[in-house]
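As structure tokens, the structure follows; a few thoughts come after it.
The values are calculated or read from the model by the stated rules, or taken from the named source; none is laboratory data. Quick caveat, the model's predicted, so the values are computed rather than measured. FYI the Cβ positions are ideal-geometry reconstructions off the backbone, even for glycines, and counts take in every protein chain you see. Side chains are part of the model used for accessible areas, which takes the heavy atoms of the whole protein and leaves out ligands, DNA and RNA. Shrake-Rupley method; radii C 1.70, N 1.55, O 1.52, S 1.80 Å.
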Amino acid sequence: MEDPQAPARTRLVVALDGPGSSGKSSVGAAAALVVGYRFCDTGLLYRAVTWLALARNVSASYPHAVRGLVDEVELAPDEQGRLSRVLVDGTDHTDDVRGPDVDAAVSAVSAIPELRLALLDRQRALAMTGGIVMAGRDIGTVVLPDADLKIFLEASVEERARRRTRERDLDPAGPEAAAILDALRRRDELDSTRAVAPLRAASDARIISTDGNRFEDTVDAVVNAIRDAEARRAAEPAPSRAGA
């Protein structure tokens, strides 16, 4: 692991985007650990609000009511300092927010403009000091359009469905696996066509295709991209100080 106290100029803000189950959360967390950065999976914020809305019977048809749940949700660090735990009213609900009921509802909730606006400042505040990999679906295009490095992970929907099926230890030929594939296809359609912050790669993003990759291969590709960008930053002339 690299020194987390490295000079601030070389510690980057990295936007890591991609569709559901493209690996951005697990890959981003692993890459951040290697380079000594913090990691934030912004999708957990939307999942947490979605879970809370379901638990409270708050419909996505009432955007201001959904917006009102935001202040009850918090991301907390795990034992490695990654912001990968979800707290609601101080109780850990990390496992709850990854359930199939949230899978089915999160796209509709995530598309609520009032919710996206409410979470925008919180996400940007996390990135202010640099040295962070922030994963999501609109980080490079909306949340952090001036990020030092933008990466977009691509994978076919079939590959992503296989990964999620393996993660949940399901029969790949069973009905649950088929339901996962259908759900991912629906979410891709919703995410890419929504009016607010649709899923797409930023025009200046580095595209990394993960189909057929081992997990370690994709982590290495992201780590190398970060290190290359750090090296370019370090080679740039330092900005002159006013009055110097």
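Looking only at residues in the range 160-217 that are polar (S, T, N, Q) and farther than 26 Å from Asp96 by Cβ, the one that is surrounded by the fewest Cβ atoms within 10 Å (Cβ to Cβ) is Ser203.
Of all the listed residues (Glu72, Glu114), the sole one being touching a strand residue (DSSP E or B) at 6+ places or on another chain (Cβ under 9 Å), at pLDDT 90 or above and more than 25 Å from Glu167 (Cβ to Cβ) is Glu72. The one condition from (1) open to solvent by 80 Å² or more (accessible area, probe 1.4 Å); (2) more than 16 Å from the chain's Cα centre (by Cα) that Val66 does not meet is (1).
Touching a residue at least 24 places away in the same chain (Cβ under 8 Å), in a loop (DSSP other than H, G, I, E, B) and among the acidic types (Asp, Glu), is that true of Asp188? Full working, then the answer.
Working: touching a residue at least 24 places away in the same chain (Cβ under 8 Å): yes; in a loop (DSSP other than H, G, I, E, B): no; among the acidic types (Asp, Glu): yes.
When the stated conditions are applied, Asp188 does not pass them.
Within the range 37-57, if we keep just the residues that are in a loop (DSSP other than H, G, I, E, B) and open to solvent by 10 Å² or more (accessible area, probe 1.4 Å), the residue that is nearest to Asn224 (Cα to Cα) turns out to be Tyr37. Remark: pairs (first residue in the range 113-130, assigned to a helix (DSSP H, G or I); second residue among the hydroxyl-bearing types (Ser, Thr, Tyr); Cβ separation under 7 Å; 6+ apart in sequence or on different chains) = Gln123/Thr42. All but one of (1) among the β-branched types (Val, Ile, Thr); (2) surrounded by fewer than 16 Cβ atoms within 10 Å (Cβ to Cβ); (3) within 30 Å of Val58 (Cβ to Cβ) hold for Val157; state the number of the condition that does not hold. It fails just one condition, (2).
Annotation note: Cβ proximity below 7 Å between a residue of the range 59-88 that is under 15 Å from Ala111 (Cα atoms) and part of a loop (DSSP other than H, G, I, E, B) and a residue that is open to solvent by 30 Å² or more (accessible area, probe 1.4 Å) and of a type outside the set (A, V, I, L, M) (sequence gap 6+ or interchain) occurs for no pair. When the range 132-154 is filtered for residues that are in a strand (DSSP E or B) and open to solvent by 60 Å² or more (accessible area, probe 1.4 Å), only Glu154 remains.
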